[in-house]
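Asker: Let me begin by handing over the structure; questions about it come next.
The values are calculated or read from the model by the stated rules, or taken from the named source; none is laboratory data. Model, not experiment: these values are computed from the prediction. Don't worry about glycine lacking a Cβ; one is built from the backbone with ideal geometry, like all the others, and counts go over all protein chains shown. Heads up: the accessible areas ignore ligands, DNA and RNA and are worked out on the full protein's heavy atoms, side chains in. Shrake-Rupley method; radii C 1.70, N 1.55, O 1.52, S 1.80 Å.
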Amino acid sequence: MITGALLLLMASTMSAQTKLRADNIDEVLKAMTIEEKAKLMVGGANNFFGAGAVVGGEADLVAGAAGTTPRIERLGIPATVLTDGPAGVRIDPTREGTTQTYYATAFPIGSCLASTWNTELVSKVGEAIGNETKEYRCDVILGPGMNLHRNPLCGRNFEYYSEDPLVTGKIAAAYIKGVQSQGAGVSAKHFAVNSQETDRTAVDERVSQRAARELYLRGFEIAVRESNPWTIMASYNKVNGEFSMGNHDLLTKILREDWGYKGIVMTDWIGIRNGLPTINEVHAGNDLMEPGQPAQVQEIIEGVKSGKLSMEDVDRNVRRMLEYIVKTPSFNNYPYTNKPDFEAHAAITRQSAAEGIVLLKNNGALPWKDGKIKTVALFGENSYDFLSGGTGSGCVHPPYVVDMLTGLKNAGINSSATLTDIYRKYIDYAKVKFQAERHPAKWFQTEMMGQQKYPEIGISPIAIDKEVAGADAAIITIGRQAGEGIDRDIATEFNLVPEEQALIKDVCNAFHQAGKPVVVIINSGSVIETASWSGYPDAILCAWQPGMEGGNSVADLLTGKVNPSGKLTMTWPLAATDHPSTKSYPGTMDFYTYEVTRGYTGQVAGYDYTNHDEVPSDLV
C-alpha cells in the first residue's frame, strides 16, 4: 500500500527534477500541489488600489506596474509583470534610491490611432509598444481598449477606437499583432459591454442577443480570430444580470467554444467582490484573478476540497496559465535594458498622430506654405499645456510633451511673447491651486494619473485686439480631459464653457477684420460640441490627444508637411442629447426601471427598453 508519506516523497522527488519548459507543461501540471495551482491563478499587485496584501511578494518587480502573476520557484515558474496601457507603458517614471528615470513613449490614444484607418501603421505602433514593454521588464500591456463609443460622455472613449465594431476589431487586431510580434503580450479589454465609468463595478448592462453579437462582441470576435491575443480582461460590470467575471456563457461558450480562443482570461482589478465567489469565476473561465488576495487562494483550495469547484476546472485554467507563461519575456530571460529607443519611437508617434488628425473644416486657410505665416497669436491654455493622453490607467508618463508653442517654434513659426507670458503664469498658478483643492478620495486627480485640464481663462477683447497687428494668424486650442473612474458632463466637458465661446468669437472677429485667418485645434480624446461655434474659425483640426510629439504633429499639418488624412470613427452629434442613449446615461439600473422611477409613461411592450439598445423583440 502506498502511504500518504510515500506520496509526498514521490511528489517531492518528481518536483525536484521538474522545471517548466515549453514542452513539459503536462509534467509540471502533475507535479503541482493544489496550493501551487491555486496560487498561480491569483495575481499580485501594488496596494495602490486598496487591494490589500498581495500573493507571492512580486508586486514591486517593476515599480508602478499594475500587477503580476506569482513565482513558483521549485517548478521554475517565474513571475510575470502586467503593465497598464494601451497608449504606452505606464510605470513609475522615478524611483527611490536611484536617479535613473523610467519614462515611456506616449503614443496617440485609441481614438486617434483608429482615425488613421491604417492598420499597417497601427501595427508599427504596436511593435514599438511591445518593445518598450519588454525593455521595462514587463510581459503584458493591458490593452487595447476595445469597448464601443456607445455615448460621447463615456470617460474612457479616448482609450477605445470607434462606435463601429468592424473598425474596432480591425484596428485592435493590427495593434495586437504588432505588440505580440515583439514577444510581449496584450490584454484586450474590457470584455464585455463596458460602456460607462459611473458605477462601472456594479452596473447591469442589459442588452439583447442581437445587439450583443452584432455590436458589443463583434470587435472582440474579429480580434480573437485574426490576432489571437495572449490575454483578455473580463469587465467589472454585469451583463444581463450576471457579472462578466463569472459569466460562463460569455467567457467559455462564446469566447472559447464559439470563437476558438486559446489564451488566458484575467479579471479586471477588483479582487474579492460581493456576490461573486472566486470559485464561480474559476468555473466561468477566469484563469487569473487580479489584483490578487490570499483569501482567494484559500477559497480555491477549499472549493476543491469541498467539491464546490472541480479539479478539472482548476487544471484547465492552470494549464492555460502555464501555456501563457512559457511565451513571456520573463520566462525566456529577455535581457531588458530599462532604456527604450525614444528617438525611434518618437518618430513613430509623430507620424501616427499626424495621420490620425482630422481636418474638420478648411475654407482655404490651410496649409500655411511659402513662409506667409511667420508669427501666430496662440490662445487657449492647452496651447501651452498640450494634452498627450487621458487620465487613469490609460495615462503614460513620457519624458516630454511637445505643446503647440514648441511645435510651431520647431516649424520656424514665432508666437506672441505677451500671450506666452500670460498663459505660462496662469498654468503655474492653476497647477498649485488644483493640487490644493483636489478631492483626497479621487485618486485619478493627480499628475501621476495623467495630465490635468485646467479651467480656461478669459482674454479681454482689448488684449486680443493688441495681438492682431503683430501676428499673421491666430490659433485657439480647445482642450478636454477625461479618464478612468468618471464620465463626462454635458455642460462643461461636451459643450464649450462661456470663456471658450467668448474666446472663439472675439479672436475670430478681431483677426477677420484684419483679413487674417483663425484656426481652432481640438485637443480632446472624445467628441465635443461644434455646431454652435464652427462657423467662426477658418479651419478646425481635431488633433485628439496625439501623444508626446503632438505639437510637432499638428505643426506638420498646419505647414503642409503632412497632408491631413484622418477620418472620423464616431458620430459627432449636434448635441449630446441627439444620442438616444443619453436619456439614460450613465445608468446604474436597467433602462425600464430607470424610466419608471422618473415617471416614464411611454410604450414598453414589444421593445427591449433597456440600459442599452431598443431592439424590436421580434428581431432578438
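Asker: Condition (residue is of a type in the set (Lys, Arg) and open to solvent by 50 Å² or more (accessible area, probe 1.4 Å)) applied to region 493-516: is it met by at least one residue?
Answerer: Pass one, region 493-516, residues of a type in the set (Lys, Arg): 505, 516.
If we keep only those that are open to solvent by 50 Å² or more (accessible area, probe 1.4 Å) too, we end up with 505.
Scanning region 493-516, I find at least one residue that is of a type in the set (Lys, Arg) and open to solvent by 50 Å² or more (accessible area, probe 1.4 Å), so the answer is yes.
Asker: I need a count of the residues in region 169-199 that are of a type outside the set (Ser, Thr, Tyr), free of Cβ contacts under 8 Å to residues at least 60 places away in the same chain, surrounded by fewer than 23 Cβ atoms within 10 Å (Cβ to Cβ) and in a loop (DSSP other than H, G, I, E, B).
Answerer: Residues in region 169-199 being of a type outside the set (Ser, Thr, Tyr), free of Cβ contacts under 8 Å to residues at least 60 places away in the same chain, surrounded by fewer than 23 Cβ atoms within 10 Å (Cβ to Cβ) and in a loop (DSSP other than H, G, I, E, B): 1 in total.
Asker: Every residue in region 304-322 that is in a helix (DSSP H, G or I) and closer than 28 Å to Pro229 by Cβ, please.
Answerer: Once the filter is applied, which keeps residues that are in a helix (DSSP H, G or I) and closer than 28 Å to Pro229 by Cβ, region 304-322 yields Met311, Glu312, Asp313, Val314, Asp315, Arg316, Asn317, Val318, Arg319, Arg320, Met321, Leu322.
Asker: Kindly indicate which of Arg256, Arg213 is assigned to a helix (DSSP H, G or I) and free of Cβ contacts under 8 Å to residues at least 24 places away in the same chain.
Answerer: Arg213
Asker: Related question: Looking at region 327-347 only, could you name the residues that are within 24 Å of Ile25 (Cα to Cα), open to solvent by less than 30 Å² (accessible area, probe 1.4 Å) and of a type outside the set (Val, Ile, Thr)?
Answerer: Listed by number, the residues that qualify are Pro329, Ser330.
Asker: Give region 305-319 a look and list any residue that's out of contact with any Lys or Arg (no Cβ under 8 Å at 6 or more places or on another chain) and closer than 23 Å to Lys253 by Cβ, or say none. Working first, answer last.
Answerer: Taking region 305-319 first, the residues out of contact with any Lys or Arg (no Cβ under 8 Å at 6 or more places or on another chain) are 305-313, 316-317, 319.
Scanning region 305-319 gives Lys308, Leu309, Ser310, Met311, Glu312, Asp313, Arg316, Asn317, Arg319.
Asker: Here is a further query. Among the residues of region 120-135, which ones are open to solvent by less than 20 Å² (accessible area, probe 1.4 Å), out of contact with any strand residue (DSSP E or B) (no Cβ under 7 Å at 6 or more places or on another chain) and of a type outside the set (A, V, I, L, M)?
Answerer: Initial filter on region 120-135 (open to solvent by less than 20 Å² (accessible area, probe 1.4 Å)): 121-122, 125-126, 128-130, 132-133, 135.
Of the ones still in play, those that are also out of contact with any strand residue (DSSP E or B) (no Cβ under 7 Å at 6 or more places or on another chain) are 121-122, 125-126, 128, 130, 132, 135.
Correct list: Gly126, Gly130, Glu132, Glu135.
Each row is one residue, and each column tells you yes or no for (1) at pLDDT 95 or above; (2) crowded, with 21+ Cβ neighbours inside 10 Å; (3) within 17 Å of Gly185 (Cα to Cα).
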residue: Ile264; (1), (2), (3): yes, yes, yes
residue: Arg273; (1), (2), (3): no, no, no
residue: Asp313; (1), (2), (3): yes, no, no
residue: Ile325; (1), (2), (3): yes, yes, yes
residue: Thr349; (1), (2), (3): yes, yes, no
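Asker: Does region 388-411 hold any residues that are within 15 Å of Val554 (Cβ to Cβ) and hydroxyl-bearing (Ser, Thr, Tyr), and which are they?
Answerer: Within region 388-411, Ser388, Thr406 meet the criteria.
Asker: Does Lys409 fit the bill of being open to solvent by 50 Å² or more (accessible area, probe 1.4 Å), modelled with pLDDT of 95 or more and under 24 Å from Thr349 (Cβ atoms)? Please lay out each step first, then the result.
Answerer: Details: open to solvent by 50 Å² or more (accessible area, probe 1.4 Å): yes; modelled with pLDDT of 95 or more: yes; under 24 Å from Thr349 (Cβ atoms): yes.
Yes, satisfied.
Asker: Additional query: Sort out which residues of region 218-245 are in contact (Cβ under 8 Å) with a residue 40 or more places away in the chain, open to solvent by 10 Å² or more (accessible area, probe 1.4 Å) and within 23 Å of Arg200 (Cβ to Cβ), and write them in order of number.
Answerer: Of everything in region 218-245, those that are in contact (Cβ under 8 Å) with a residue 40 or more places away in the chain, open to solvent by 10 Å² or more (accessible area, probe 1.4 Å) and within 23 Å of Arg200 (Cβ to Cβ) turn out to be Arg218, Glu221, Tyr236, Val239.
Asker: Can you pull out the residues in region 62-88 that are in contact with a strand residue (DSSP E or B) (Cβ under 6 Å, 6 or more places away or on another chain), closer than 19 Å to Val396 by Cα and assigned to a loop (DSSP other than H, G, I, E, B)?
Answerer: Within region 62-88, Val62, Ala65, Ala66, Gly85, Pro86 meet the criteria.
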